[in-house]
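> I'd like to ask some things about the structure below.
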Amino acid sequence: MVSGDRDLSMDYDVIVIGAGPAGSATATILARAGRRVLVLERETFPRFKIGESLIPATFDTLDRLGLIDKLRASHFPKKYSVQFFSGDGRPSTPFYFGETEPAGYAQTWQVLRSEFDQLLADNARRHGVEIREGVTVKEVLFEGERAVGVRVQRSGGELADLRCRVVADASGQRAVLARQLGIRRQDPNLRMAAIFTHFEGARRDPGIDEGATLVLQTEEHKSWFWYIPLPDDRVSVGVVGPIRHLIQGRRGDPQRVFEEELARCPGLVPRIADARRTMDVQVSNDFSCSADRAAGDGWVLVGDAFTFLDPIYSSGVLLAFASAELAADAVAAALADGDTSAERLGVYEQRMRRGVAAFRKLVYAFYSPEFNFGRFLRRYPEHREPIIKILVGDVFDRDYAPLFRDVDAYMASAGTTLTRHLEDAVELPVA
């Protein structure tokens, strides 16, 4: 028994591992379907989290969760576009969501994840979800091939086994269940690291562009920076690049590496020339990973625990929300029918994989030295709308084959192909 939590031994319909966006959304939807749901979160909220930029397609899930009015009344900056800067500092024309989208999708928000994740967790509680913080899931329990619960531990406490009908793993990149089962795979061509911090007093663009996400290449295209305006005159700035470039073989602490990369980013230097850093520089390994399967008998994977993709297009929260909705609906239907088999629970997997594939192909294009958004669109102006659609997050029910055929043709003219890059990306197991 976990000390001080005698009620933790009770059974639940669903136990969710993790109270981030995927876990809170999954739990809220299931609780609204009449299910008894327990969420187990290793950390204590509020807590710092990177990944502050939303994309417009998160609107539908936020609306379903009843949170749109709270976001509209929040102090989070409004985001209307994404803009790319080349290695010599030249900006692209901004990709405004409103060029292709109706009012609800024309704008989204830049969020402080400590506040945003707390908002989602509090909303789950209001809908009857039980959330326990400071509880670590040590393993998922199985009877044969079927998940039947979890083994948990509070800090300094004893182990306890909790039983449920379905386990939903939303543990993020910890990927508790996928690692336990040995089904987590890593894309070796996207072995990236991120070094990031926050600034005050950085320059923002005027008007509708004030809250835009900026993606800025460094010289020689060995890394790129994100620039995300946040509330209270704060800006999130981070550099992403291959581990072999940012971490391996580099002397100096992360702050020195950050400053060295910044000096190679002419599009960013003037924006933070007079800014003040407000937190220590931090490091994260952003390995792009996915699981071999999304569900099994009595279990489902959601959010980063199912698939994590490079952060270049800010797809993380959208993929968390999309998988949460699809998985929660599958679990609710399976529980109602008394059939929590892998076949019933995994009905959402292929739709998720289609959406991830659209983002992933555009990620590969971005990292290909031969690709440039501006030059590509000058040759193929008809593809501006499909690119905006992907940046918005409209990826689950659209066919982007014509776009990527032309991306391939464009890159072939430079001696390579997107297809070749994808074929070279044999995914590797993650320990």
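> Out of (1) within 24 Å of Pro91 (Cα to Cα); (2) among the aromatic types (Phe, Trp, Tyr); (3) touching a residue at least 40 places away in the same chain (Cβ under 8 Å), the odd one out for Tyr348 is which?
Only one criterion in (1) within 24 Å of Pro91 (Cα to Cα); (2) among the aromatic types (Phe, Trp, Tyr); (3) touching a residue at least 40 places away in the same chain (Cβ under 8 Å) is unmet by Tyr348, namely (1).
> Just checking, how many residues over the stretch 373-405 are surrounded by 19 or more Cβ atoms within 10 Å (Cβ to Cβ) and among the basic types (Lys, Arg)?
Matching residues across the stretch 373-405 total 1.
> Okay, moving on. What's the number of the condition Asp408 fails, among (1) surrounded by 14 or more Cβ atoms within 10 Å (Cβ to Cβ); (2) of a type in the set (Asp, Glu); (3) modelled with pLDDT of 95 or more?
Just one mismatch for Asp408, condition (3).
> Out of the stretch 238-282, which residues are of a type in the set (D, E, K, R) and either in a loop (DSSP other than H, G, I, E, B) or more than 22 Å from Val215 (Cβ to Cβ) (or both)?
Pass one, the stretch 238-282, residues of a type in the set (D, E, K, R): 244, 250-251, 253, 256, 259-261, 264, 271, 274, 276-277, 280.
Answer for the stretch 238-282, where residues must be of a type in the set (D, E, K, R) and either in a loop (DSSP other than H, G, I, E, B) or more than 22 Å from Val215 (Cβ to Cβ) (or both): Arg250, Arg251, Asp253, Arg256, Arg264, Asp274, Arg276, Asp280.
> Kindly list, by first and then second residue, each pair from a residue in the stretch 30-41 that is in the same structural domain as Arg132 (by TED's automatic domain parsing) to a residue that is modelled with pLDDT of 95 or more and among the aromatic types (Phe, Trp, Tyr), limited to pairs with Cβ atoms under 7 Å and residues at least 6 apart or on different chains.
Arg36/Tyr12; Val37/Tyr12; Leu38/Tyr12
> A further question follows. Which residue is farthest from Val363 (Cα to Cα), if the candidates are limited to the stretch 235-257 and must be buried (at least 20 other Cβ atoms within 10 Å of the Cβ) and under 21 Å from the mean Cα position of the chain (by Cα)?
Result: Val235.
> Let me ask something else. All but one of (1) at pLDDT 95 or above; (2) crowded, with 18+ Cβ neighbours inside 10 Å; (3) not assigned by TED's automatic domain parsing to the domain that holds Phe321 hold for Ala27; which doesn't?
The number of the failed condition is (3).
Okay, residues lined up against (1) farther than 30 Å from Gly98 by Cα; (2) modelled with pLDDT under 95:
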{"site": "Leu301", "(1), (2)": "yes, no"}
{"site": "Asp310", "(1), (2)": "no, yes"}
{"site": "Met352", "(1), (2)": "no, no"}
{"site": "Ser368", "(1), (2)": "no, yes"}
{"site": "Asn372", "(1), (2)": "no, yes"}
{"site": "Glu382", "(1), (2)": "no, no"}
{"site": "Lys389", "(1), (2)": "no, no"}
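> Still on this model: Pull up the stretch 55-74, narrow it to residues that are β-branched (Val, Ile, Thr) and within 16 Å of Val392 (Cα to Cα), then point me to the one that is farthest from the chain's Cα centre (by Cα).
In the first step, residues of the stretch 55-74 are kept if they are β-branched (Val, Ile, Thr); the result is 55, 58, 61, 68.
Applying the additional criterion that residues be within 16 Å of Val392 (Cα to Cα) yields 55, 58, 61.
Values: Ile55: 10, Thr58: 11, Thr61: 14 Å.
Per the criteria, the residue is Thr61.
> Still on this structure, I have one more. Residues Val237, Val281: which one is assigned by TED's automatic domain parsing to the domain that holds His198, modelled with pLDDT of 95 or more and closer than 22 Å to Leu309 by Cβ?
Numbers: Val281 fails: closer than 22 Å to Leu309 by Cβ.
Matching residue, one of Val237, Val281: Val237.
> To continue, here is another question. Kindly check whether there is at least one residue in the stretch 90-113 that is under 26 Å from Ala324 (Cβ atoms), modelled with pLDDT under 95, more than 23 Å from the chain's Cα centre (by Cα) and among the small types (Gly, Ala, Ser).
yes
> Before we move on, is Ala160 in the same structural domain as Ala327 (by TED's automatic domain parsing), within 23 Å of Arg344 (Cα to Cα) and either surrounded by fewer than 16 Cβ atoms within 10 Å (Cβ to Cβ) or touching a residue at least 24 places away in the same chain (Cβ under 8 Å) (or both)?
So Ala160 does not fit the description; no.
> Please determine whether any residue of the stretch 286-296 is aromatic (Phe, Trp, Tyr), part of a strand (DSSP E or B) and farther than 24 Å from Leu162 by Cβ.
The initial filter retains those residues of the stretch 286-296 that are aromatic (Phe, Trp, Tyr), namely 287.
Checking the rest, the ones that are also part of a strand (DSSP E or B) come to 287.
Restricting the remaining residues to those that are farther than 24 Å from Leu162 by Cβ gives 287.
Yes: the stretch 286-296 contains one or more residues that are aromatic (Phe, Trp, Tyr), part of a strand (DSSP E or B) and farther than 24 Å from Leu162 by Cβ.
> Tell me, which helices (runs of 4 or more DSSP H) lie completely within the stretch 359-416 with 3 or more residues that are in contact with a helix residue (DSSP H, G or I) (Cβ under 7 Å, 6 or more places away or on another chain) and farther than 23 Å from Pro311 by Cβ?
Numbers: elements: 373-379, 384-392, 401-412.
Qualifying helices (runs of 4 or more DSSP H): 401-412.
> Also, I was wondering about something else. Among the numbered criteria (1) of a type outside the set (A, V, I, L, M, F, W, C); (2) closer than 26 Å to Ala334 by Cα; (3) not assigned by TED's automatic domain parsing to the domain that holds Gly20, which single criterion is violated by Thr197?
Among (1) of a type outside the set (A, V, I, L, M, F, W, C); (2) closer than 26 Å to Ala334 by Cα; (3) not assigned by TED's automatic domain parsing to the domain that holds Gly20, Thr197 violates only (2).
> Follow-up. Could you please find all residues in the stretch 150-175 being within 26 Å of the chain's Cα centre (by Cα) and not hydroxyl-bearing (Ser, Thr, Tyr)?
We begin by selecting, within the stretch 150-175, every residue within 26 Å of the chain's Cα centre (by Cα); these are 150, 152, 166-175.
Matches in the stretch 150-175: Val150, Val152, Val166, Val167, Ala168, Asp169, Ala170, Gly172, Gln173, Arg174, Ala175.
> Oh, and also: Yes or no: Gly144 closer than 24 Å to Ala33 by Cβ and either in the same structural domain as Glu325 (by TED's automatic domain parsing) or in contact with a Ser or Thr (Cβ under 7 Å, 6 or more places away or on another chain) (or both)?
Details: closer than 24 Å to Ala33 by Cβ: no; either in the same structural domain as Glu325 (by TED's automatic domain parsing) or in contact with a Ser or Thr (Cβ under 7 Å, 6 or more places away or on another chain) (or both): yes.
Against the criterion (closer than 24 Å to Ala33 by Cβ and either in the same structural domain as Glu325 (by TED's automatic domain parsing) or in contact with a Ser or Thr (Cβ under 7 Å, 6 or more places away or on another chain) (or both)), Gly144 does not qualify.
The values are calculated or read from the model by the stated rules, or taken from the named source; none is laboratory data. None of the values given here were measured: they were computed from a predicted structure. Note that each Cβ is placed from the backbone with ideal geometry, even for glycine, and that neighbours are counted across all protein chains shown.
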